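A short worksheet on the structure shown next.
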Amino acid sequence: MSSLFDSLPDAAWLVLGAVAVALLLWGPRRGKGRASRGGASLTGTRRTRYPGDITRPVAITYAPSMNGEADAGEVVWTWVPYEEDHTQGKDRPVLVIGHDGDRLAALQLTSKDHDQDAAQEARWGRYWLDIGSGAWDSRGRPSEVRLDRILSIDPAEVRREGAILDRARFDMVADAVRKRQGW
C-alpha cells in the first residue's frame, strides 16, 4: 500500500522545500513584543511608517480629558519604536506632552529604576526623571519618564488611555524636558 507522500512527483518536493526555506529565511521575526519586518505587528495590524523622533521645540500643554482620545497630560499605551531600528519596537506607556502637527508628542515611561545606572545612561545620552506610580501601571510600580527622546505618535495607534498625570507632576516633567532639550 503506497502513501500520499510516495505519489508526489519530484517537482512537488522541490517546491515544498523551496517554500520551507523561504519561510525560514524571510518569514516574520518572532520575538517578545517585537514587530515583524516592514512595521507590521505580529497580530497583523499594519503600523504607519515612523517619521522619526521629534527634534524641534514642541508646545507643551496640559489638557487631559478622559474622552477616548489621547490628550496632553495623559499616560496612554502605544507601540514605541526602538531608537536603533524604527521597524522594531514594543507596546509601552507614554506620557503625551503635546502635539506636533497631526501627531502626538510623547515621552516613554518605564518601571525600571535608572537611579542605579544614571551615569551609564547619561553616557548614552539617556536621561530619566522619577514620576512615581499611577493607574497606568496595574502593579502600582514607580515609573520614570525619559526626557531626551520625544516620540512622534500616530493618534490612531494609541491602544488605550491609562491615566491622567496630575498637574504638579506634569509641570515637573515639562520643566525638565524644556531644560534637557534647551528650549
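Here are some notes:
- Criterion: in a strand (DSSP E or B), under 16 Å from the mean Cα position of the chain (by Cα) and not β-branched (Val, Ile, Thr) - qualifying residue of Leu129, Leu104: Leu104
- Contacts under 9 angstrom Cβ, first residue in segment 49-64 being part of a strand (DSSP E or B), partner open to solvent by 70 Å² or more (accessible area, probe 1.4 Å) and at pLDDT below 95, 6 or more apart: Ile60/Trp183
- Of the listed requirements (1) under 21 Å from Ile54 (Cα atoms); (2) open to solvent by 10 Å² or more (accessible area, probe 1.4 Å); (3) over 19 Å from the mean Cα position of the chain (by Cα), Arg167 misses just one: (1).
Matching residues to (1) at pLDDT below 50; (2) surrounded by 13 or more Cβ atoms within 10 Å (Cβ to Cβ):
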site: Gly27; (1), (2): no, no
site: Leu42; (1), (2): yes, yes
site: Tyr50; (1), (2): no, yes
site: Tyr62; (1), (2): no, yes
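- So Glu121, is it of a type in the set (D, E, K, R) and part of a helix (DSSP H, G or I): yes
- Scanning segment 127-147 for residues that are out of contact with any strand residue (DSSP E or B) (no Cβ under 8 Å at 6 or more places or on another chain), of a type in the set (Ser, Thr, Tyr) and within 16 Å of Gln108 (Cβ to Cβ) turns up nothing.
- Applying the set (1) under 13 Å from the mean Cα position of the chain (by Cα); (2) assigned to a loop (DSSP other than H, G, I, E, B); (3) at pLDDT 95 or above to His86 leaves exactly one unmet item: (3).
- Residue selected from segment 149-179 under the condition of a type in the set (Lys, Arg) and at pLDDT 95 or above, by the criterion nearest to Asp130 (Cα to Cα): Arg169
- Residue that is buried (at least 18 other Cβ atoms within 10 Å of the Cβ), out of contact with any Gly (no Cβ under 6 Å at 6 or more places or on another chain) and assigned to a loop (DSSP other than H, G, I, E, B), where the choices are Gly134, Gly140: Gly134
The values are calculated or read from the model by the stated rules, or taken from the named source; none is laboratory data. Everything numeric here is computed off the predicted structure, so don't read it as measured data. Here the Cβ is made from the backbone with ideal geometry for all residues, glycine too, and neighbour counts use every protein chain on show. Surface accessibility is based on the protein's heavy atoms, side chains included, excluding ligands, DNA and RNA. Shrake-Rupley method; radii C 1.70, N 1.55, O 1.52, S 1.80 Å.
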